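*Asks:* One structure follows; several queries about it will come next.
The numbers here are math on the coordinates, done by the rules we state, and not lab data. Since we're looking at a predicted model, the values are computed, not measured. Counting neighbours? That spans all protein chains shown, and the Cβs are built from the backbone with ideal geometry, glycine included.
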Amino acid sequence: MPVARRRPHHLDPVLLLVVAVGGGVGTCARYALSNALLPEHGLPVGTLTANLVGAFLLGVLLELLVRAGRETRGRRVLRLGVGTGFMGGFTTFSSLALEVERLLQDGRVGLALAYGLGSVVVGFALCLAGVMLSARHHRRLGVLLPRDPDAPEPGL
């Protein structure tokens, strides 16, 4: 019996739509946040907040999906819609780069370096914190990672 060939994710119109809708919603949320949190002393607080909150939430989401088990169609839609789409639209490397460049043009080298490097380093730390917090929460609930049936038995 022939094996059904699956369409690659990037060619699946439903998944493309999920990512596009998630990205649109995420971008609108970032825009609203950036308008609510105006720059302070030259620091783009809105972009910084979106990037750091997004990094943390992405860590939480990815840990939740790992603990849920193998990727199903529904989990794929969640991962792509929320992770790639929403979080991709909510967070923004391009705005970070543009704002660092503007700070450099204004002669604010120290602030530009602190903002650029701090965003990356603190963002990574918050993503890791999201993973760890989510894992700890699941351990408290007694939710263990599902065992991969294809993995060798422990101790073998």
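*Asks:* Let me check against my output: what whole-number percent is the relative contact order of the chain, with C-alpha pairs under 8 Å and at least 6 apart?
*Replies:* Over the chain, the number comes to 33 percent.
*Asks:* Just to be sure I understand the model, the point goes 7 Å from the Cα along the line to the Cβ. What's the resulting ALA20 to GLU71 distance in nm?
*Replies:* It works out to 2.1 nm between the two label points.
*Asks:* Just from its helices, what would the mean residue ellipticity at 222 nm be for the chain, if runs of 4 or more DSSP H residues each count -39500 (n - 2.57) and the sum is divided by every residue, rounded to the nearest 500 deg cm²/dmol?
*Replies:* -22000 deg cm²/dmol
*Asks:* Taking amide H positions as placed 1.01 Å from N in the peptide plane, with prolines and chain starts having none, which residues 5 or more places from LEU43, or on another chain, fall under 5 Å of its amide H?
*Replies:* none
*Asks:* Here's a follow-up. For the chain, divide the Cα radius of gyration by the Kirkwood radius and give the resulting Rg/Rh value with two decimals.
*Replies:* When Rh is taken as the Kirkwood radius, the ratio is 1.09.
*Asks:* May I pose another question? So for the pair PHE93, ALA32, with labels modelled 7 Å out along Cα→Cβ, what separation do we get in nm?
*Replies:* 2.7 nm
*Asks:* Ranking LEU58, LEU113 by Cβ neighbours within 10 Å, fewest first, what do you get?
*Replies:* Ranking LEU58, LEU113 by Cβ neighbours within 10 Å, fewest first, gives LEU113, LEU58.
*Asks:* Further question on the same structure: Where does each of CYS127, CYS28 land when they are ranked from fewest to most other beta-carbon atoms within 10 angstrom? Intermediate values should be presented prior to the final figure.
*Replies:* Numbers: CYS127 20, CYS28 12.
If I rank by nearby Cβ atoms, fewest first, I get CYS28, CYS127.
*Asks:* What does the charge dipole of the chain about its Cα centre add up to, to the nearest 20 debye, if the Cβ of each Lys and Arg holds +1 and the Cβ of each Asp and Glu holds -1?
*Replies:* 620 debye
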